[in-house]
Every structure is written in structure tokens, then in C-alpha cells.
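Visitor: Submitted below is the structure of interest, expressed as C-alpha cells.
Just so it is clear, none of the values below were taken in a lab; they were calculated from the coordinates. It should be emphasised that the depicted structure is a prediction, and the values quoted were computed from it without experimental measurement. Reconstructed Cβ throughout: ideal geometry from the backbone, glycine too, with neighbour counts over all protein chains shown.
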Amino acid sequence: MATYAVGDVQGCLSELEALLKQIDFSSSDRIIFLGDLINRGPDSLGTLRLIKSLGDQAIIVLGNHDLHFLAILFGGHVEMKSDTLTELIEAKDAEDLGHWLRTKPLIHYEDSFDALMVHAGVPFFWSTQKALSLAGEVHRIISSTEEKDGLDYRIFFKQMYGNNPNYWAENLTGMDRYRAITNYFTRMRFLDFEGKMDFSFKGAKESAPYSLMPWYSFGQEGHQTRKVLFGHWASLNGVTGREEIIALDTGCVWGRCLTAYCMETKEFLSVKSFKSNK
């Protein structure tokens with residue numbers, strides 16, 4: 001029995017099938033997907049159907065592209081030019097897949113490995129329990145059919161987009177609170193020294209302004225031993241310089257590779273993007 005974590009699939013169904021074959025994924029194994037299951041790649045519909053078919057063997061945390069699909073489906077937003085979601089959105093089972101996907105959390109904790117699984121990251125000022133608690137607040141909104149604080153999942157997805165607030169404060173309420181939590185878990189890359197998210201700088205971390213640092217560069221006070229496994233940041237190509245902070249978006253959709261990490265053996269296993277073979 002093995003537990004694998006897999007970075008951003010982004011609709012690269014053929015590579016996912018090849019990776020499952022390479023790791024010899026069996027009925028006793030589990031696989032944790034770190035968000036962005038879909039979009040930008042060639043087969044988002046097939047990817048969601050395959051992952052859903054794995055049942056309880058698959059654990060999923062939501063990424064920004066997964067939330068984008070849900071915002072289109074349930075919040076009235078429209079596709080962007082760079083999206084490749086049309087086939088999924090027009091599929092007969094689109095709503096079934098959407099309702100299944102919105103039951104998934106923003107973060108997952110593996111107690112036996114003291115490891116947090118998340119799409120973008122966990123800011124240094126949130127303990128494990130705090131991160132799980134805040135993620136749970138958003139999860140209760142998007143996974144339920146009941147209204148809370150004047151919001152239901154359709155209103156959440158309608159109002160989800162935005163860069164503000166770009167900071168965390170305990171007194172945030174309503175959609176400002178939920179948007180900030182969601183952005184930290186699914187969009188964060190750079191933080192300033194006060195822990196505010198920056199969405200304006202798009203370059204490599206080596207050329208970032210002095211005032212900005214990758215979120216994982218800050219000290220994880222009080223929880224230095226926990227692992228954090230994340231995707232979202234393809235330009236890192238799996239390199240953080242910290243053994244306990246494991247980046248698994250290795251740019252399959254951009255022609256590089258799709259990577260799995262075995263929690264038990266600490267082994268990385270990858271398949272090359274089929275794009276790179278053309």
C-alpha cells in the first residue's frame with residue numbers, strides 16, 4: 001500500500017494514465033491530487049471522469065482552475081480565451097461532475113506524515129490546525145446547499161474573483177474573509193514581509209523585488225517539521241530548496257512532465273509530457 005501526491009494534471013489525461021501505469025497504481029494505493037485537475041490541457045472532461053472513477057482511492061484538494069470551472073458552471077462566469085473547458089462545460093454530466101468537485105476541500109492533512117496537501121501553499125502565520133479550520137469555513141459554503149452568512153455556493157462562485165483583501169485579519173467577515181482564505185490556498189506565490197499576497201509580479205522568483213519572497217521562504221514558526229506539498233507554481237519546476245516544502249507542479253501542460261511523490265519512500269516519479277515528444 002502506497003500513498004502518492006500528484007501535481008497539476010490540468011487536463012493532461014494521457015500523461016496521467018501513463019503515470020498511474022508507471023507507479024503501478026493498485027487497489028490498495030491512494031493518490032492525492034494537489035489541485036488544478038483541469039484546464040489548459042487537452043482533455044479536462046476525461047481527466048475528471050477518470051479521477052472520479054477512482055472513488056475513495058483519490059483525495060482531491062481544489063486549485064484555482066478547478067474553482068474557475070465551478071465559477072463558470074455555478075456562478076455565471078464565462079470562459080477565458082486561454083481556457084480549454086468547453087467540452088467539459090457542454091458535457092451531459094458537467095453538473096454531476098461539478099457537484100462532485102465542489103464537495104472537495106481546499107486542504108488535506110495526512111496525520112501519519114504530518115503533511116499538509118494544498119494547491120498553492122500555506123502562509124507562515126497559520127498553524128496546521130488554523131489552516132484546516134479556515135479551509136473548513138470555505139468548504140462548508142461551497143459543499144453545502146444551505147445558506148450561511150447570507151451566502152450559498154452559487155453566490156460564493158459569483159463573487160469569488162478578486163485580489164482584495166490581499167492580507168489576513170481575524171476580523172474579516174463574509175465574502176472578504178472567504179476570498180482571502182481561498183486566495184492564500186489556491187493563488188498565493190509571493191508575500192511581502194507583512195504576509196500580504198502580491199498578484200502583480202509575474203516573473204521568476206530570482207528576479208522578484210526585494211520586498212517580495214516566495215511564501216515558503218518565511219520561517220514556519222512553531223511547526224518547522226511539518227511537510228507542505230503543493231502545486232500551482234510550474235516555474236519552480238519542483239525546486240524550493242527546502243526538504244520539507246515539496247513542489248509538485250512540474251509543468252506537464254507546458255511540455256515538461258507530470259510528477260508523483262511517494263509519501264512512504266520519498267521517491268519522485270515522473271512521465272514526460274506527450275507534447276515534448278512531438
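Visitor: Which is among the hydroxyl-bearing types (Ser, Thr, Tyr) and in contact with a Leu (Cβ under 7 Å, 6 or more places away or on another chain), of Thr145, Thr128? It would help to see each step written out before you state the result.
Guide: Working: Thr145 fails: in contact with a Leu (Cβ under 7 Å, 6 or more places away or on another chain).
Within the list Thr145, Thr128, the selection yields Thr128.
Visitor: List every residue pair whose Cβ atoms lie under 7 Å apart, where the two residues are 6 or more positions apart in sequence or sit on different chains, the first residue falls within region 143-155 and is in contact (Cβ under 8 Å) with a residue 40 or more places away in the chain, and the second residue, located anywhere, is hydrophobic (A, V, I, L, M, F, W, C).
Guide: From region 143-155, the pairs are Tyr153/Phe74; Tyr153/Ile141; Tyr153/Ile142; Arg154/Phe74.
Visitor: State all residues of region 179-217 that are crowded, with 21+ Cβ neighbours inside 10 Å and among the aromatic types (Phe, Trp, Tyr); if no residue qualifies, say none.
Guide: Tyr184, Phe185, Phe190, Trp215, Tyr216
Visitor: Further question: Starting from residues that are within 17 Å of Gly35 (Cβ to Cβ), assigned to a loop (DSSP other than H, G, I, E, B) and not hydrophobic (A, V, I, L, M, F, W, C), keep the ones in region 241-278 and report whichever is nearest to the chain's Cα centre (by Cα).
Guide: Across region 241-278, the extreme among qualifying residues is Asp249.
Visitor: Okay, moving on. Take the conditions surrounded by fewer than 17 Cβ atoms within 10 Å (Cβ to Cβ) and touching a Leu at 6+ places or on another chain (Cβ under 9 Å) and apply them to Asp176. Does it pass?
Guide: On the way: surrounded by fewer than 17 Cβ atoms within 10 Å (Cβ to Cβ): yes; touching a Leu at 6+ places or on another chain (Cβ under 9 Å): no.
No.
Visitor: Pick out, from region 81-169, the helices (runs of 4 or more DSSP H) lying fully within it that include 1 or more residues that are more than 23 Å from Val9 (Cβ to Cβ) and of a type in the set (Phe, Trp, Tyr).
Guide: 153-159
Visitor: Return the pair list, or none, for Cβ contacts closer than 8 Å from residues in region 96-114 that are at positive phi to residues that are among the charged types (D, E, K, R), at least 6 apart or on different chains.
Guide: Asp114/Arg226; Asp114/Lys227
Visitor: Here's a follow-up. Do we find a residue being surrounded by 15 or more Cβ atoms within 10 Å (Cβ to Cβ), acidic (Asp, Glu) and under 24 Å from Lys266 (Cβ atoms) anywhere in region 147-157? Steps first, please.
Guide: Initially, region 147-157 is screened for residues surrounded by 15 or more Cβ atoms within 10 Å (Cβ to Cβ), giving 151-157.
When the remaining residues are screened for being acidic (Asp, Glu), the result is 152.
Checking which are under 24 Å from Lys266 (Cβ atoms) leaves us with none.
Within region 147-157, none of the residues are surrounded by 15 or more Cβ atoms within 10 Å (Cβ to Cβ), acidic (Asp, Glu) and under 24 Å from Lys266 (Cβ atoms).
Visitor: Looking at (1) farther than 20 Å from Phe33 by Cα; (2) assigned to a helix (DSSP H, G or I); (3) hydroxyl-bearing (Ser, Thr, Tyr), find the lone condition where Thr182 falls short.
Guide: The failed condition is (1).
Visitor: Under the condition of being under 17 Å from the mean Cα position of the chain (by Cα) and over 26 Å from Ala247 (Cα atoms), which residue from region 115-146 is surrounded by the most Cβ atoms within 10 Å (Cβ to Cβ)?
Guide: Within region 115-146, the match that is surrounded by the most Cβ atoms within 10 Å (Cβ to Cβ) is Ile142.
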